[in-house]
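**Student:** Before I ask anything, here is the structure I am working with.
Throughout, read-outs are computed from the coordinates displayed, never taken from laboratory work. Bear in mind the structure is a predicted one, so any value in this text is a computation, not a measurement. Neighbour counts run over all protein chains shown; Cβ positions are idealised from the backbone, glycine included.
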Amino acid sequence: MPTLAAAAAPVLAHQSTLRESNLAVVLRCVCASPEPVSRAGVASATGLTRSTVSRLVDELVAGGLVDEGTARLAGPGRPATPLRPARRICAVGLQVNAAHVAARLIDLRGEVVAESRSEPDLVGSDPARALGLLGGHLAEVLPAAPEHGRIVGAGLALPGVVDASGERLLRAPNLDWRDVEPVAGLRGQLHDIPLTLGNEANLGAHAFAQPAPGRRGRSSHFVYVSGEIGIGGAVVTDSLVQSGLHGFAGEIGHMPFRPGGDPCPCGSDGCLERYAGRLAMTRRAGLPPSTTLAELGQRAEEGHAGSREAIELAAEALGVVLAGVVNLLDVPTIVLGGEIGDLAPRIAPVVEARVRARVMAAGWMPLEVCQDPDDVAGATGGALVHLTQVVTSPAVVLAAGGGEAC
C-alpha cells in the first residue's frame with residue numbers, strides 16, 4: 001500500500017505535454033476571436049510569452065491549421081500579422097430525418113463551404129434507401145473541399161437513440177429503424193474519413209452553443225427543442241451538451257403531457273411529440289401530412305380554425321413539459337430549433353407564459369424562449385463536433401498530417 005506522501009506526489013508534465021496544451025490554447029484563442037488576431041494579441045489574451053506564441057503559431061501555420069494575412073500597422077511598433085483559422089481544414093455534417101436529408105461541408109472558421117439537401121418522406125423507410133440518398137448528397141459536397149484541403153471527420157445526426165460508441169443507431173421511432181450501422185452504407189463516399197453518429201437534437205444544441213469551433217454562442221445554459229415529425233431535446237450547461245451516463249439524455253419528446261392520451265410510436269402514450277410534433281399538429285388541423293409547420297402557421301394567420309387550435313395545443317404542451325425541465329435543471333433559456341422554429345414567432349410568447357406560470361423561481365430568473373434559425377442544425381453540429389476536436393487537440397491533428405487529404 002503506498003504511503004500518503006507517495007500517493008500525494010505530484011505528476012510532472014513532460015515538455016511535450018506542455019507543448020500540446022499550449023498549442024490548444026493558442027489555436028482556441030485564434031478560433032474564438034470574432035476578428036483576426038495578431039501574435040501579440042494572442043500573447044496578451046493567453047498570458048503566454050510572445051516568443052512562445054510566435055513559435056506555436058509558426059507550427060500551426062506550417063501544419064495548415066492557421067492562415068496568416070498580410071502584415072499591417074495597427075498602431076505604434078512593428079506591423080501586426082492577422083491570424084485566422086485555416087479554411088483548408090474541413091469536416092462533413094450529415095443529417096437524416098423523417099422529412100429531409102442533408103449534407104454540409106464546414107471549415108475551421110465555422111463557415112459552410114458547400115451544401116446539398118432534399119426533402120423525401122422517410123417515415124418507416126428502409127435504411128438502405130435513406131443512406132443511398134444521403135450518399136448522393138455527400139458526393140455533391142465533397143468535391144467542394146478546398147484544393148489541398150483536409151477533411152478531419154464526418155458527423156451524422158439521426159432522430160433517435162445512438163449508442164455510447166457513436167457507431168450504431170439503436171432506435172429511431174419515426175423512421176422505424178432499429179440497430180442500424182450507417183458506416184457500411186456510406187463507406188463508398190467517405191473512404192477513410194471517420195464517421196460518428198449523434199442524436200439530432202444533441203448535435204443541433206452543440207451548434208447553437210458553439211456556432212464556430214472554439215467560439216461560444218449567445219447562450220451557455222439552455223434547453224434545446226428540435227421539432228420535426230417528432231420532438232427531440234438536449235440540455236446544455238456551460239456551452240456543453242449533457243448527454244447523460246449512457247448518452248440517452250434529452251428525450252423531451254417522450255416526456256408525458258397527457259398520460260393516457262394519444263398512443264406514441266415509442267410504446268407509451270400522451271407524449272409531448274403527439275401534441276407538438278408536425279404530424280400530430282397537421283392531423284389535428286385536418287391538413288395533409290405533407291403540410292410544413294411554416295404552412296400550418298400561415299393557415300392559422302389566414303384564420304383556419306383547425307390550424308390555430310393545433311398550434312395552441314402544441315404551445316400549451318411545450319410550456320407544460322418545459323416548465324418541468326426548467327424547474328428541475330434551472331436553465332434560463334429555451335431554444336426552438338428545426339421545423340418547430342418556424343412557429344417560434346407565434347408560439348414563443350405562449351410557451352414563455354406557461355413556463356413562467358409553472359416555474360417556482362420564475363420571478364428571479366431571466367426566462368427566454370428564442371429560435372435557432374439553422375434548419376439543419378444537426379448537420380452543422382455533426383461537422384462542428386469534429387472541428388472542435390481539432391481545436392481541443394491540434395497536436396494530434398498535426399501529427400496525423402491534418403486528416404483525409406482532398
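**Student:** For the pair residue 21/residue 147, report the inter-label distance in nm, with labels modelled 7 Å from Cα in the Cβ direction.
**Tutor:** 4.2
**Student:** Then there is this: Looking at the square roots a ≥ b ≥ c of the eigenvalues of the Cα gyration tensor of the stretch 213-318, which shape do they give, rounded for a/c under 1.5, prolate if a/b is larger than b/c, or oblate? Write down the numbers at each step before the final one.
**Tutor:** Values: a/c = 2.69, a/b = 1.53, b/c = 1.76.
Judged from the Cα gyration tensor, the stretch 213-318 comes out oblate (a/c at least 1.5, b/c at or above a/b).
**Student:** Zone of residue 129 (label point 7 Å along Cα→Cβ, backbone N under 19 Å): which residues in the stretch 81-107?
**Tutor:** It comes to 95-102, nothing else.
**Student:** With a ≥ b ≥ c taken as the square roots of the eigenvalues of the C-alpha gyration tensor of the stretch 354-406, please select rounded if a/c is under 1.5 and otherwise prolate if a/b is larger than b/c or oblate if it is not?
**Tutor:** prolate
**Student:** Need the full-extension length gain, residue 328 to residue 392, defined as separation in residues times 0.36 nm minus the C-alpha distance. One decimal, nm. Could the numbers behind the result be given before it?
**Tutor:** Working: separation 64, 0.36 × 64 = 23.04 nm, distance 3.10 nm.
My answer for the length gained is 19.9 nm.
**Student:** Something else about it: Could you give the distance between the Cα centres of the stretch 168-203 and the stretch 84-100, to the whole Å?
**Tutor:** If we compute the Cα centre of each part, the gap is 15 Å.
**Student:** What is the spin-label model distance, in nm, from residue 353 to residue 119 if the labels are put 7 Å beyond Cα along the C-beta direction?
**Tutor:** In this crude spin-label approximation the distance works out to 3.0 nm.
**Student:** Out of every Cα pair in the chain, what percent are spaced more than 29 Å from each other?
**Tutor:** 49
**Student:** For the chain, what are the DSSP H helices with axial Cα length of 15 Å or more and mean Kyte-Doolittle hydropathy of at least -0.5?
**Tutor:** 15-32, 50-62, 127-141, 305-329, 344-358, 377-392
**Student:** Taking R0 as 60 Å, what FRET efficiency do you get between residue 51 and residue 165 from their Cβ-Cβ distance, rounded to the nearest 0.05?
**Tutor:** Using R0 = 60 Å, I get an efficiency of 0.90.
**Student:** For the residue pair residue 70 and residue 248, what label-to-label distance in nm results when each label sits 7 Å from Cα along the Cα-to-beta-carbon direction?
**Tutor:** 5.9
**Student:** So, R0 is 56 Å and r is the distance between the beta-carbons of residue 269 and residue 216; what FRET efficiency does that work out to, to 0.05?
**Tutor:** In this case the efficiency is close to 0.90.
**Student:** Please report the antiparallel percentage of DSSP beta bridges with both residues in the stretch 140-288, rounded to the nearest 5.
**Tutor:** Working: 16 of 21 bridges.
Around 75 percent antiparallel, to the nearest 5.
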